[in-house]
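A short worksheet on the structure shown next.
The values are calculated or read from the model by the stated rules, or taken from the named source; none is laboratory data. Just so it is clear, the structure is predicted and the values come from calculations on it, not from any experiment. Positions of Cβ are backbone-derived with ideal geometry, glycine not excepted, and every protein chain shown enters the neighbour counts.
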Amino acid sequence: MKNYERLFSPLQVGSLTLKNRIVKAPQSSEYWLEGQMITNRVIDLYEGIAEGGASMILVGAILFQPAEPELPFLFGGLSQDRHIPGMTELAAAVHKHDCHILAQLHHPGPAPISTTYTPLASTTLTVDQLPLDYLAPTHGVTTEEIEAMKADYIEAAVRAKKCGFDGIECHSANGYFLMSFLSRAWNYRTDQYGPQSMENRTRLHREIIAGIKERCGEDFVIGVRINGQEFGHPKAMTPAEAAEAGTWFERAGAHYISLAGYGYGKAPFQYVPDYWPYPEPDDFMKPYVKQFKTGLLVPSAATVKKSVGIPVIAVGRLDEDLGEEILKDGKADLILLGRGLWADHELPNKVLAGNREDIVRCCRCATCEDPQDGPRRCRVNPALGREKELAITPAPTKKKVLVVGAGPAGMEAARVAALRGHDVILLERSGHLGGKLHLAAMLKGTDFDDVTTVIDYLSRQVQRLPITIKTGVEADKHVVLANKPDVVILAVGGNYVLPEDIPGILNRNVEGVASLARTAERPLRMLGANAVGKLSNIALPGVGKRVVIIGGQIEGLQGAVFLKKRGRTVTVLEESESLGGRMPPRYIKRTLPWLAKEGVEVLTGVTYDKITDSGVDITLKDGTKRALAADTVMVLLPPGANDRLKHEIDGDVPEVYSIGCGNGVDSSLIINALTEARETACKV
Ligand SMILES: Cc1cc2nc3c(=O)[nH]c(=O)nc-3n(C[C@H](O)[C@H](O)[C@H](O)COP(=O)(O)O)c2cc1C
């Protein structure tokens, strides 16, 4: 077993003794209610993380002033006394597990949080003066407004103390209010808070720190989070500036400095909260992308650490291995984990117990960053924010559970059912576990959004648990009934059929998901998605130089990126008017401009006339006819439902459930497949 001696060594932060170096990063969960009131979801989330072994939790995005109610679930609050009972309950729940808790006090500042919100910053900036071209003009705060905000800030800290919080973190990072004083890209004031010196740029923070110290005493911990490095603007914060700011905060009595990052670029560049480099990094980020593997912001933490004596916190796609190395090299004192602890609250305990292979790894998919359907969700942890509801508890009655299909949904259902004490059989038609996820992983690539971790984790778990796994078995009604199950969970995958109404669809030059999966199955099984993805840069057997893709939703657009990167001439055709369905917003925002830049023609409102040996004939919505030349026509349409077996066995088995892609397009993403699996396996 590897040695994580430093990661699990204690550290003094102000008055607090932390039992290890793993700190939960502040992350706005978006599980709050109108008026920034707390919910049980918030309490269960943080209690779960505390129980999982982190030494300190920073609760993100707690407003020190009330916000207008348009998006009620976004923020927590300590702006009024009515927040005290709920926040007291939260602090007590975390403290039960030998874990400290700090409230990160927040104001969105220039961030575009809603249509009715007036962005606020250090300086009034017109659209032309803004460092980012997709934000709204800002109102620069007056001296009177600063005084009022300071008073509210300090009152919120006093409330945090009353609630039992161990301290507060002053949020001056990313693109939010206090950052707009610290960063010269935003601050054009001419008064004592202006950009002329670091003394001025840090003045407001230091006045706040002094006020909190006076009211809450020395033992109340105060941390400051700043951008250790900003990218893509001539006045962007540098690590050296962050280090200078750190010395001012240290002198003001801050107990730690935590480093984050930010970037400025033309839309659709997006840095907050994490830089998203798909399909390709922006030019000015290219020199930094290789640092993703060692921690993009670690160099800034190391620079700050050289200048201050208080603990320094590093962040950004870190894990236990990188964390131990960073501590060993003296680049930081604490390791901040955000998404990693959302994916698996138990990460610290599992590392400590030597069970690293049981850790569910975050794949950096960006699903949590821009939820499309309300509060945050995690692709790989369906229980995020539903900790109690989807807890894995012993089943009241042991049943024989037959799971059909060993893709992600089937494996998750089998895993959870087995952990609950059921007698589980898992049947898989192909020779290996993971279903079409291997193909998806190859298409997406593994550099920035690594789905292979899901396959590895689930395959390992089902093989370790007392589950009878039978591969190479085609489950028909006869096979199912012969097993005499009490419960059948069908995770049979979607129906990737070729659209028969297109004349010529059975031509030799047409490939579909099913035929691609068949071609790739052997190499994927033998070499894995990562290696096959790399080899496909050299050779893509059966795929010609010119490719027309039928389908402009997630499948088609990801396929287009994959093929374009491999030198193909690509055209994407979509029958409807909408593109990129089921892609996280930042994914689609970056993908469409990239395809345009790369000369990939994307046509919507297309009617398919026929497929010929030389390509695809189409009619556009204005009646124009076009003949698109293609050596290969690739059908990458969303999957249809696959309910044949369900109909065959319904009524013959006491309980039958269908989960995942077999339920059709709305269940086709991993996040939905895993959620349906967990929900089903928790109730049988
Ligand atoms: C969904 C989400 C919400 C976040 N909210 C906050 C926040 O409220 N305050 C903050 O300082 N950082 C926030 N962050 C940034 C994280 O604290 C952290 O810096 C980032 O996730 C990188 O760390 P990781 O790779 O361990 O996730 C957020 C990140 C994510 C993904």
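Residues of segment 73-87 being closer than 17 Å to Arg41 by Cβ and either outside any loop (DSSP other than H, G, I, E, B) or more than 16 Å from the ligand (Cβ to nearest atom) (or both), which ones? Walk me through how you get there before you give the answer.
Applying the first criterion (closer than 17 Å to Arg41 by Cβ) to segment 73-87 yields 73-77, 83, 85-87.
Within segment 73-87, Gly76, Gly77, His83, Pro85, Gly86, Met87 qualify.
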> Out of the residues in segment 558-583 that are small (Gly, Ala, Ser) and within 29 Å of the chain's Cα centre (by Cα), which is surrounded by the most Cβ atoms within 10 Å (Cβ to Cβ)?
Replying inline: Ala560
> Name the residues in segment 302-316 that are within 12 Å of the ligand (Cβ to nearest atom) and small (Gly, Ala, Ser), would you?
Replying inline: Ala314, Gly316
>> Condition first: more than 16 Å from the ligand (Cβ to nearest atom), touching a Leu at 6+ places or on another chain (Cβ under 7 Å) and over 24 Å from Trp248 (Cβ atoms). Can you find one or more residues in segment 146-159 that meet it?
In response: yes
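Condition check ((1) over 30 Å from Lys2 (Cβ atoms); (2) touching a helix residue (DSSP H, G or I) at 6+ places or on another chain (Cβ under 8 Å)) across all residues:
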position	(1), (2)
Tyr262	yes, yes
Lys286	yes, no
Gly295	no, yes
Ser307	yes, yes
Leu318	no, yes
> His139: touching a strand residue (DSSP E or B) at 6+ places or on another chain (Cβ under 6 Å) and surrounded by fewer than 21 Cβ atoms within 10 Å (Cβ to Cβ), yes or no?
Replying inline: yes
> What do you reckon, is Glu387 surrounded by fewer than 23 Cβ atoms within 10 Å (Cβ to Cβ) and among the acidic types (Asp, Glu)?
Replying inline: yes
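I'd like the full set of residues that are buried (at least 21 other Cβ atoms within 10 Å of the Cβ) and more than 18 Å from Glu598 (Cβ to Cβ), limited to segment 534-550. Please lay out each step first, then the result.
As a first pass, look at segment 534-550 and keep what is buried (at least 21 other Cβ atoms within 10 Å of the Cβ): 547-550.
Passing the criteria: only Ile550.
If the requirement is being farther than 23 Å from Phe269 by Cα and of a type in the set (D, E, K, R), which of these qualifies: Glu574, Glu598?
Glu574
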> Among the listed residues Ile22, Ile57, Ile43, which satisfies the condition of being closer than 13 Å to Ala93 by Cα, in the same structural domain as Cys163 (by TED's automatic domain parsing) and within 13 Å of the ligand (Cβ to nearest atom)?
Replying inline: Ile57
> If you scan segment 228-279, which residues turn out to be more than 15 Å from the ligand (Cβ to nearest atom), among the β-branched types (Val, Ile, Thr) and under 29 Å from the mean Cα position of the chain (by Cα)?
Replying inline: Thr238
> Taking segment 333-356 as the search range and keeping residues that are in contact (Cβ under 8 Å) with a residue 40 or more places away in the chain and over 19 Å from Val380 (Cα atoms), which one is nearest to the ligand (Cβ to nearest atom)?
Replying inline: Leu336
>> Based on this model, can you work out whether Asp321 counts as modelled with pLDDT of 95 or more and within 14 Å of the ligand (Cβ to nearest atom)?
In response: yes
